[in-house]
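The values are calculated or read from the model by the stated rules, or taken from the named source; none is laboratory data. Given the structure is predicted, the values throughout are model-derived calculations rather than measurements. Using ideal geometry, Cβ is built from the backbone for each residue, glycine included, and neighbour counts are taken over all protein chains shown. Surface accessibility is based on the protein's heavy atoms, side chains included, excluding ligands, DNA and RNA. Shrake-Rupley method; radii C 1.70, N 1.55, O 1.52, S 1.80 Å.
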Amino acid sequence: MKTKTIFMAFFIMTTLVSYAYPSFGREDVDVEPLVNPGREFDTLDVISPASQDYNIYMLEILPPKYKMYVETCMDKMEPIGKCGLYVIKEILTNEPVSRECCLKVVRAGKQCFIETNKLMFQFYQLKRFASQVSFKINEVWNRCSAEVII
């Protein structure tokens with residue numbers, strides 16, 4: 001009986017602490033970068049003939065409506081220039097993009113930003129991260145939209 005009471009007290013205290021401090025109950029996934037900045041990130045753009053063939057094929061099999069939508073989005077974001085690379089770098093390495101880059105991203109719109117990045121992570125060089133970046137894409141959007149008031 002005494003063991004049961006101690007167990008119940010421990011269980012209730014643990015539950016109360018987990019409600020008061022929810023971060024104790026889960027690992028903070030966004031602290032560790034998916035890729036280390038620097039040399040590891042710089043090697044992501046290496047293209048072999050096989051990866052180039054994969055990328056071409058992947059683009060060819062996209063539904064025409066989706067392809068047109070993403071192309072329109074990219075046209076909206078064309079002035080971004082290197083910002084697209086910096087956004088991918090933030091997603092993978094946690095290095096924040098500049099406020100100026102955030103402004104360009106936010107002007108393009110959330111749906112365009114998300115779809116363009118989802119497409120980028122289908123390319124051979126980045127596809128290994130595709131299952132891990134959805135949360136980070138939204139996190140970058142939220143940070144940029146909070147930082148920039150249009």
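For this structure, a couple of remarks:
- Residues in region 78-103 that are in a loop (DSSP other than H, G, I, E, B) and surrounded by fewer than 20 Cβ atoms within 10 Å (Cβ to Cβ) were compared, and the one that is modelled with the lowest pLDDT is Gly81.
- Those residues of region 33-55 which are at pLDDT 80 or above and surrounded by fewer than 11 Cβ atoms within 10 Å (Cβ to Cβ), in sequence order: Ala50
- Odd one out for Glu71 among (1) surrounded by 14 or more Cβ atoms within 10 Å (Cβ to Cβ); (2) more than 27 Å from Glu32 (Cβ to Cβ): (1)
- Considering region 113-150, the residues that are exposed (fewer than 14 other Cβ atoms within 10 Å of the Cβ) and in contact (Cβ under 8 Å) with a residue 24 or more places away in the chain include one that is farthest from Tyr57 (Cα to Cα), namely Ile150.
- Looking only at region 56-68, and only at residues there that are charged (D, E, K, R) and closer than 20 Å to Lys127 by Cβ, the one that is most open to solvent (accessible area, probe 1.4 Å): Glu60
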